[in-house]
Amino acid sequence: MGKSFKYTYLDLKDAGEVLVAGFRQASILDQAVIDQIAREFEQLELEAASNRKLLLDFQVVEYMSSAMLGKLIQLHKRCKADKIKLKLSGISKNPLDVFKITRLDKLFEIHTDAPTALATF
């Protein structure tokens, strides 16, 4: 993994062939935070390009603004273009409701937790 890039809001770890990125913050509402996460997503995509499997783990996230959904959609599009399998896991009730209302639960493959998601790659 590229150590030159500093991740502020994501924790990265390798789980076999899958790059797992976990959020560090319970609340993702601030636009400056969301913009930084978007930059981290771009770097994350570069790092995932080699193994083509990426899991975003939302385990610690309790609240997330709709602006964050836009960044997730952008990441999804780029991953699709680069043939990177993207899955999401550990989304708690509040954010998950937003995914369902916006029908993004149909766009993303969402699993209850990271181990369950990892088993499906």
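Shown for the range 11-92: lysine pairs separated by 8 or more places, or found on different chains, whose C-alpha atoms are under 13 Å apart, numbering 7. A simple spin-label model places pseudo-atoms 7 Å from Cα toward Cβ; at Asp35 and Arg52 they are separated by 3.6 nm. For the chain, a simple Cβ point-charge model (Lys and Arg +1, Asp and Glu -1, everything else neutral) yields a dipole of about 360 debye relative to the Cα centre. From the residues Leu96, Leu118, Ile84, which one has its Cα farthest along the dipole of the range 35-121 in the positive direction, the dipole being from +1 and -1 charges on Cβ of Lys/Arg and Asp/Glu about the Cα centre? Going by the charge dipole, the pick is Ile84. Each part gets one Cα centre, and for the range 107-121 versus the range 53-87 those centres are 13 Å apart. At a Cα cut-off below 16 Å, give the aspartates and glutamates reachable from Lys6, other chains included and same-chain residues fewer than 8 away excluded. Within reach: Asp35, Glu40, Glu42, Glu45, Glu47. Taking Leu56, Leu69, Leu44 in turn, the Gaussian network model of the chain (Cα-Cα springs below 10 Å) assigns the largest fluctuation to Leu69.
Taking Gln59, Gln31, Gln74 as the candidate residues, the one with maximal mean-square fluctuation in a Gaussian network model of the chain, Cα springs under 10 Å, is Gln31.
Beta bridges assigned by DSSP with both partners in the chain are antiparallel in approximately 30 percent of cases. Candidate values (i) 0.92; (ii) 1.01; (iii) 1.04 were compared with Rg/Rh (Cα atoms, Kirkwood Rh) computed on the shown model; the agreeing label is (i).
No value in this document is a laboratory result; all are computed from the given coordinates. Nothing here was measured: the structure is a model prediction, and the numbers come from that model. Cβ sites come from the backbone with ideal geometry, for glycine too, and all protein chains shown count toward neighbours.
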